[in-house]
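Just so it is clear, none of the values below were taken in a lab; they were calculated from the coordinates. Small disclaimer: the values here were computed from a predicted structure and weren't measured. Please note: Cβ atoms are built from the backbone with ideal geometry, for glycine as well, and neighbour counts cover all protein chains shown.
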Amino acid sequence: MTSLRDQTILIIGGTSGIGFSVAEASLHQHAAHVIVASSTPEKVSKTVVRLTETTKNQSLSGKVTGKTLDVSNADEVKKFFAEIGEIDHVVVTSGDKLKLGFKGVDLETLKSALDVRFWAAALIAQQARIKRGGSITLTGGVASIKPPPGWPIVAGLAGAAESLVKGLAVDLAPVRVNLVAPGAVLTELWDSLPTDLREKLLQESADKLLVKRVGNPEEIADAYIFLMKCGFITGETLHINGGQTLV
């Protein structure tokens, strides 16, 4: 596999959860420049501080830069990529937390989810200037092949992302385009729940999996690193879900 040493990697959604872990892992792979982008300036600033401390504490040489980006704003996305120039890899983990049931969900909510989860990804792929040998890695979810009750919209968005990746891989070749589809992962998204409820739901999720635990962001980040480094994979979806699709 190729090395990420001396490369520039952009992580959109890199201020928390899986995205932050991808940024951290990229530095450990000796990337020369890691750019984290998010819609919240405060989160961007704090993340740059955290990642810079990591480089100092572990004697890593990578540079860390933070950028503010609202992926739902097309003009802002176009300006963003015009300013940062050529990069080696783009990872997209951003996306609003989806609370979409089926009955009663309004059209505006559906359109907003589609803007962030589908159209933004397509626009990012269109505007990014990727160097030869580089890649784009998007994020989906296990709901594309095993949706739980009440998740038809989420399943549809996840499936659309997987189809988008195949089309982009054809149109953008030789730039590689792939997708990571995580299952249940312990990230900050769970922190909004009361402690007792959070622990109950995490345990219930773990009990349903073959590995009997939920995933952690660091091991999901390894999938993104693999897809960036493996030069012979494109148009593929990598499911990381602890066996959820088999039970």
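Brief remarks follow.
- Kyte-Doolittle mean at least -0.5, axial Cα span of 15 Å or more - DSSP H helices of the chain: 17-28, 74-84, 152-172, 217-229
- Excluding same-chain neighbours fewer than eight residues apart, the aspartates and glutamates reachable from Lys43 by a Cα-Cα span under 20 Å are Glu24, Glu53, Asp70, Glu76, Asp96, Glu188, Asp191, Glu218.
- A convex hull fitted around the alpha carbon atoms of the range 166-205 yields 89 Å³ per residue.
- Reducing the range 1-63 and the range 105-166 to their Cα centroids gives an inter-centroid distance of 23 Å.
- Relative contact order, percent, the chain [alpha-carbon distance under 8 Å, six or more residues apart]: 21
- Residue pairs exceeding 30 angstrom between C-alpha atoms, taken from Lys56/Lys131; Lys103/Lys200; Lys79/Lys131; Lys146/Lys200; Lys63/Lys212: Lys63/Lys212.
- Counting Cα-Cα pairs of the range 65-176 in 10 Å increments starting at 0 gives whole-percent bin shares of 13, 43, 31, 12, 1.
- Over the range 17-99, the Kirkwood radius and the radius of gyration, each from Cα atoms, give a ratio Rg/Rh of 0.97.
- Within-11-Å neighbourhood charge of Lys43 [Cβ basis; K, R +1; D, E -1]: 0
- Once the trypsin sites (Lys or Arg not before Pro) in DSSP loops with at most 11 neighbouring Cβ atoms within 10 Å are cut out of the chain, the longest remaining piece is 104-211.
- Cα-based radius of gyration of the chain once divided by 2.2 N^0.38 Å, which approximates compact folds: 0.98
- Largest-first principal axis extents of the Cα set of the range 137-247 (Å): 49, 29, 27
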